[in-house]
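Undergrad: Please see the structure below; I have some questions.
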Amino acid sequence: MVDNEFNDIVPENKTSDTAAAAVAELNTQNQNVSPVRRFGDPYLWGIYIFLCLVSLVITYDASGREIKGANVFAPLIKQGIFLALGASIAFFIQKIDYKKIIRVIPYFALVTFVGLFYVDQFGEVINGAQRHISIMGFSIQPTEMAKLAVVLLLAWIMARNQMENGVRWTGIYLCFFVIGMFGYFLVKQGLTNTLLLMSITVAMILISGTQWRKIFTLLGIFSVLILFFLGVMLMRNAFDDTPESDPITSGIIASNVSPMVEEADSALHNSFIIRAIDAAEEIIVPYIPRFETHASRLRDFFDPRPLYTRPFTEKNNQEMFATMAQASGGAGNIGIGNSKYSSMLPLAFSDYVFSIIVEDTGMIGGVLLLIVYLLILARAGNIAQKCKKAIPALIVIGLAFMIVIQALFHMAINTGVFPVSGQPLPLISMGGTSILIISIAFGIMQSVCRTARMTTDKKADINAEMESLPVEMRADNSAN
């Protein structure tokens, strides 16, 4: 009776067609927007939120030197605003299809390069480095933008030059050309950022499947070019006395090199490495004045004397206080918020925030934080391995390398493994530009996770993704 009444309303053939269409639509929805990928990778979101919470706690503890007046919460409020803005940007970007993002990569890289050029000529000097642009009361660091721009541009170049056994020679040459262009300005503003970008480049070239002979060939060419330019500068010094007669340059060398040589003990004075640094400084400083700071830090790093035997000076107080803070933390902890050195350690809230974390939580807390950063690389590797196309895989793994290598550099500097330099701890160190750039990187990784087709997707959807990509970027992911 019921069937007859239903058939009177909807014919039998239309009923079956409607049901089949409904089932097909449900399957399509389940395939395109799965519960796991609806908002990206949940593990990456968990890591992002965890690092933001750590940032708020440590900012309150480590920003004693930043407190001005009666408002003790001012640094915390400022950091909270930047974190909230960064989280909003990340959530917005993850909703954008990654194929739309790759269209703007060349333009973003061009804007960043122009920013680096502007800083080199007219930038504002803060903490002894000319890295900032002030716009409407806000300080912007194009050097932080350069990290993101270079990673995206390298992925864009490699994807366009993929072949069965890795990347074509054209792509490799272009990658080194990009590093040379950006590195020229970065090395004048900070040596660490240059080394960071070179490390990221090597990592991306390796994961792209490039043959080792190409890598070693280009490293050889790159080394020869560096030696050639050093030789040119040496010859110019030999035949042109203009840089030596410049009073500013002469003052720099006289006030920094001579006292170091006079005060150093015989082991330091006779060290081959120290003499090589002195020679390099004399050649390079007239053309890159910032190298005087690099040379001074390298001399301190290679000083054969134990740190605790050296005199406490204004130049090494960061290194001294950082070591004291970590030693105070020990294996256990003295309790979050009980730091004794946060008010004494310069830049404890940014370049040396890891030392305060270790002081508060001990070696256990430092190791756990290291594991959290490494998990970013593990999750990104999992996503990249599942991507069907090369371009999303290169983007997500390149951005993960950018974040993790920067964190490793920061930790290495704090623990004395690397020479003293300024490198923020991603999402934790106080600073607006760095937080926003890292948030953008997380948003792009989540965009790839949401919208890139994976090995588990239907063949029709994978083909649709290929058709929507430019012809030169349709190369398959070699990891599949």
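This table checks each residue for (1) touching a helix residue (DSSP H, G or I) at 6+ places or on another chain (Cβ under 7 Å); (2) polar (S, T, N, Q); (3) crowded, with 20+ Cβ neighbours inside 10 Å.
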site	(1), (2), (3)
Asn382	no, yes, no
Lys389	yes, no, yes
Ala393	yes, no, yes
Ile403	yes, no, yes
Ala412	no, no, no
Pro424	yes, no, yes
Met430	yes, no, yes
Ile444	yes, no, yes
Pro470	no, no, no
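Condition check ((1) more than 18 Å from Ile93 (Cα to Cα); (2) modelled with pLDDT under 85) across all residues:
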site	(1), (2)
Val404	yes, no
Ser421	yes, yes
Met430	yes, no
Ile444	no, no
Thr451	no, no
Thr455	yes, yes
Lys459	yes, yes
Ile462	yes, yes
Met466	yes, yes
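Undergrad: Going by what's in this entry, would Ile440 be described as of a type in the set (Val, Ile, Thr) and not in a helix (DSSP H, G or I)? Walk me through it before giving the result.
TA: Details: of a type in the set (Val, Ile, Thr): yes; not in a helix (DSSP H, G or I): no.
When the stated conditions are applied, Ile440 does not pass them.
Undergrad: Another question, then. Please go through the stretch 446-459 and give me each residue that is open to solvent by less than 70 Å² (accessible area, probe 1.4 Å) and part of a helix (DSSP H, G or I), ordered by number.
TA: Those that are open to solvent by less than 70 Å² (accessible area, probe 1.4 Å) and part of a helix (DSSP H, G or I): Gln446, Ser447, Val448, Cys449, Arg450, Thr451.
Undergrad: When residues of the stretch 158-180 are filtered for being more than 26 Å from Pro424 (Cα to Cα) and open to solvent by less than 10 Å² (accessible area, probe 1.4 Å), how many remain?
TA: Residues flagged as more than 26 Å from Pro424 (Cα to Cα) and open to solvent by less than 10 Å² (accessible area, probe 1.4 Å) within the stretch 158-180 amount to 6.
Undergrad: Can I ask one more? Does at least one position in the stretch 344-360 carry a residue that is open to solvent by 30 Å² or more (accessible area, probe 1.4 Å) and assigned to a helix (DSSP H, G or I)?
TA: No, that holds for no residue.
Undergrad: Moving on to the next point. On the basis of being at pLDDT 55 or above and of a type outside the set (Gly, Ala, Ser), does Leu26 make the cut?
TA: Considered against the rule, which asks whether it is at pLDDT 55 or above and of a type outside the set (Gly, Ala, Ser), Leu26 comes out as no.
Undergrad: Return yes or no: is Ala295 assigned to a helix (DSSP H, G or I), among the small types (Gly, Ala, Ser) and over 30 Å from Ile397 (Cα atoms)?
TA: yes
Undergrad: Just the residues that are open to solvent by less than 30 Å² (accessible area, probe 1.4 Å) and part of a helix (DSSP H, G or I), please, taken from the stretch 37-50. Explain how you work it out, then say what you get.
TA: To start, the set of residues in the stretch 37-50 that are open to solvent by less than 30 Å² (accessible area, probe 1.4 Å) comprises 40-41, 44, 47-48.
Within the stretch 37-50, Leu44, Ile47, Tyr48 qualify.
Undergrad: Looking at Ile96, Ile89, Ile77, Ile105, which one is under 18 Å from Val150 (Cβ atoms) and either in contact with a helix residue (DSSP H, G or I) (Cβ under 9 Å, 6 or more places away or on another chain) or at pLDDT below 90 (or both)?
TA: Only one candidate passes the filter, namely Ile105.
Undergrad: Val372 versus (1) over 17 Å from Ile207 (Cα atoms); (2) without any contact (Cβ under 8 Å) to a residue 40 or more places away in the chain; (3) surrounded by fewer than 19 Cβ atoms within 10 Å (Cβ to Cβ): which is the lone unmet condition?
TA: The single condition Val372 does not satisfy is (2).
Undergrad: I would also like to ask the following. Inside the stretch 396-421, can you point out the residues that are touching a residue at least 60 places away in the same chain (Cβ under 8 Å) and more than 13 Å from the chain's Cα centre (by Cα)?
TA: Pass one, the stretch 396-421, residues touching a residue at least 60 places away in the same chain (Cβ under 8 Å): 397-399, 401-402, 405-406, 409, 413-416, 418-421.
Residues satisfying the conditions are Ile413, Asn414, Thr415, Gly416, Phe418, Pro419, Val420, Ser421.
Undergrad: Taking the condition surrounded by 23 or more Cβ atoms within 10 Å (Cβ to Cβ) and of a type in the set (A, V, I, L, M), does Ile288 pass? Give the steps one after another, and end with the answer.
TA: Numbers: surrounded by 23 or more Cβ atoms within 10 Å (Cβ to Cβ): no; of a type in the set (A, V, I, L, M): yes.
The answer is no for Ile288.
Undergrad: Out of (1) touching an Asp or Glu at 6+ places or on another chain (Cβ under 6 Å); (2) in a helix (DSSP H, G or I), the odd one out for Leu370 is which?
TA: Leu370 satisfies every listed condition except (1).
Undergrad: Restricted to the stretch 283-309, and to residues that are in contact with a helix residue (DSSP H, G or I) (Cβ under 8 Å, 6 or more places away or on another chain), of a type in the set (D, E, K, R) and modelled with pLDDT of 75 or more, which residue is farthest from Leu191 (Cα to Cα)?
TA: That would be Arg305.
Undergrad: Give the number of residues within the stretch 373-429 that are of a type in the set (A, V, I, L, M) and on the phi > 0 side of the Ramachandran plot.
TA: 1
Undergrad: Another one. Go through (1) within 16 Å of Pro419 (Cβ to Cβ); (2) open to solvent by 40 Å² or more (accessible area, probe 1.4 Å); (3) over 23 Å from the mean Cα position of the chain (by Cα) and name the single condition Glu282 misses.
TA: (1)
Undergrad: Working only within the stretch 320-343, note down all residues that are open to solvent by less than 30 Å² (accessible area, probe 1.4 Å) and hydroxyl-bearing (Ser, Thr, Tyr).
TA: Within the stretch 320-343, Ser339, Ser342 qualify.
Undergrad: Identify the residue in the stretch 316-343 that is part of a helix (DSSP H, G or I) and of a type in the set (S, T, N, Q) and, among all such residues, is farthest from Ile58 (Cα to Cα).
TA: Ranking the qualifying residues of the stretch 316-343, first place goes to Asn317.
Undergrad: For the stretch 92-107, name all the residues that are of a type in the set (Phe, Trp, Tyr) and surrounded by fewer than 16 Cβ atoms within 10 Å (Cβ to Cβ).
TA: Those that are of a type in the set (Phe, Trp, Tyr) and surrounded by fewer than 16 Cβ atoms within 10 Å (Cβ to Cβ): Phe92, Tyr107.
The values are calculated or read from the model by the stated rules, or taken from the named source; none is laboratory data. Just so it is clear, the structure is predicted and the values come from calculations on it, not from any experiment. No Cβ is skipped: glycine too gets one built from the backbone with ideal geometry, and neighbour counts run over all protein chains shown. Side chains included, ligands, DNA and RNA excluded: accessible areas come from the protein's heavy atoms. Shrake-Rupley method; radii C 1.70, N 1.55, O 1.52, S 1.80 Å.
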